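The values are calculated or read from the model by the stated rules, or taken from the named source; none is laboratory data. Given the structure is predicted, the values throughout are model-derived calculations rather than measurements. Glycine also receives a Cβ, built like all others from the backbone with ideal geometry; neighbour counts cover every protein chain displayed.
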Amino acid sequence: MKVHSIIPFIIVMISLSAYAQNRAEEDNYQSKELPSLSILSYNIKKVCKENDQCNATRVRDLLQLDDNNYELITDEKDPGLKILLSRTINNWWSIQINQKRCFVINSDQQHVYKLLENAEKMADKKKFTEAIKIIKQVLALKKDMDQAYFLMAYCKLQQSLLDDFIIDAENAISIAPNNPGYLNQMAWFYATSKYSKYRNARKSLQYALKAVSISPDNWVFTDTLAAAYARNGQFHEALATQNKSIQLIRHSQDIPADRVHLYLKKMNHRKEMYQHSKAYTENE
């Protein structure tokens, strides 16, 4: 896999693994932020299963009563039963059914990250269809999970489903607009795609500049920025930025020497193209 395709993916997966490990150390952790409907549905199903007073399995909506109290609109069949969500004195949230009260537990968040880890393992094994099925389960539980969208985009890219790849990657960016890995991936794609209909000079430069502004000494991001400059016909800037990338990778302590040699060969090839006022296109 190409360095630009895999490096942002690795960054995301490292973050994911660290998060999942931390959550595994907290079997039941309570919710301080206003819980999502999926979290509340998980809890209400669990509470009602343990409680003869209700049969709800899903929370459809929240009806705000005041700053600290909400009524849960559920699929409960008993119209006279009110289920309340209340902020406790220490800012946790609790569900109250008649006189019975229980803390809101974010257990389904652990489930979400476990699922995403499984999807990552499937993707690592190149089982992209299986990975996508799991990711869809993740997004059904947590619709705003940028890591899931980005992993989905990666799988679609490997399957050459480029329209879907763009949709999923742009979704990840819309949720996490300051993630430089996401920005870099799309900047590279828009600048260098072998299919002209997918190249977008303006977007490639916009995303590449933002990624470098967030992480200015990342050689991958500056290499992408050089390609974006070239795609926009700014070859002087492309050449200067490519020279910076070459210097950065030469001083990198995190890459084996044989990989550095391989990357430098490719970067110098692109540099020669920029010297001749040519933009780089993948697989040329």
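Per-residue answers, yes or no, for (1) in a loop (DSSP other than H, G, I, E, B); (2) in contact (Cβ under 8 Å) with a residue 60 or more places away in the chain; (3) assigned by TED's automatic domain parsing to the domain that holds PHE189; (4) surrounded by fewer than 18 Cβ atoms within 10 Å (Cβ to Cβ):
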| position | (1), (2), (3), (4) |
| --- | --- |
| THR222 | no, no, yes, no |
| LEU225 | no, no, yes, no |
| ALA230 | no, no, yes, no |
| THR241 | no, no, yes, no |
| GLN247 | no, no, yes, yes |
| ILE255 | yes, no, yes, yes |
| HIS261 | no, no, yes, yes |
| GLU272 | no, no, yes, yes |
| LYS278 | yes, no, yes, yes |
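Taken together, the residues in segment 144-176 that are more than 13 Å from the chain's Cα centre (by Cα), surrounded by fewer than 20 Cβ atoms within 10 Å (Cβ to Cβ) and of a type outside the set (A, V, I, L, M) amount to 5. Restricting attention to segment 171-196, the residues that are part of a helix (DSSP H, G or I) and more than 22 Å from LEU161 (Cα to Cα) total 1. Only one of the listed residues (ASP168, ASP144, ASP164) is outside the structural domain of ASP223 (by TED's automatic domain parsing) and part of a loop (DSSP other than H, G, I, E, B). That residue is ASP144.
In the set (1) out of contact with any Lys or Arg (no Cβ under 9 Å at 6 or more places or on another chain); (2) farther than 27 Å from LEU264 by Cβ; (3) modelled with pLDDT under 95, the condition left unmet by LYS197 is number (3). Applying a threshold of 6 Å to beta carbon distances and a minimum spacing of six or more residues, or different chains, the list of pairs starting in segment 189-202 at a residue that is outside the structural domain of ASP223 (by TED's automatic domain parsing) and ending at one that is surrounded by 11 or more Cβ atoms within 10 Å (Cβ to Cβ) is empty. Tell me, yes or no, whether segment 59-72 has at least one residue that is surrounded by fewer than 17 Cβ atoms within 10 Å (Cβ to Cβ) and farther than 17 Å from LEU34 by Cβ. So far as segment 59-72 goes, no, none of its residues is surrounded by fewer than 17 Cβ atoms within 10 Å (Cβ to Cβ) and farther than 17 Å from LEU34 by Cβ.
Scanning segment 197-220 for residues that are in a loop (DSSP other than H, G, I, E, B) and within 13 Å of GLY181 (Cα to Cα) yields SER215, PRO216, ASN218.
Looking only at segment 33-75, residues that are acidic (Asp, Glu) and touching a Lys or Arg at 6+ places or on another chain (Cβ under 9 Å) come to 3 in all. It is to be established whether one or more residues within segment 99-112 are assigned to a strand (DSSP E or B), over 17 Å from GLU33 (Cα atoms) and modelled with pLDDT under 80. Within segment 99-112 (the criterion being assigned to a strand (DSSP E or B), over 17 Å from GLU33 (Cα atoms) and modelled with pLDDT under 80), the answer is yes, since at least one residue qualifies. The single condition from (1) over 12 Å from TYR274 (Cβ atoms); (2) under 25 Å from the mean Cα position of the chain (by Cα); (3) of a type outside the set (Val, Ile, Thr) that ALA227 fails is (1).
Annotation: of all residues in segment 113-134 being among the β-branched types (Val, Ile, Thr) and surrounded by 13 or more Cβ atoms within 10 Å (Cβ to Cβ), the one that is modelled with the highest pLDDT is ILE132.
The set of residues in segment 110-141 that are touching a helix residue (DSSP H, G or I) at 6+ places or on another chain (Cβ under 7 Å) and either assigned by TED's automatic domain parsing to the domain that holds TYR182 or among the acidic types (Asp, Glu) (or both) comprises GLU117, GLU120, GLU130. Of the residues making up segment 253-277, those that are within 30 Å of the chain's Cα centre (by Cα) and of a type in the set (A, V, I, L, M) are ILE255, VAL260, LEU262, LEU264, MET267.
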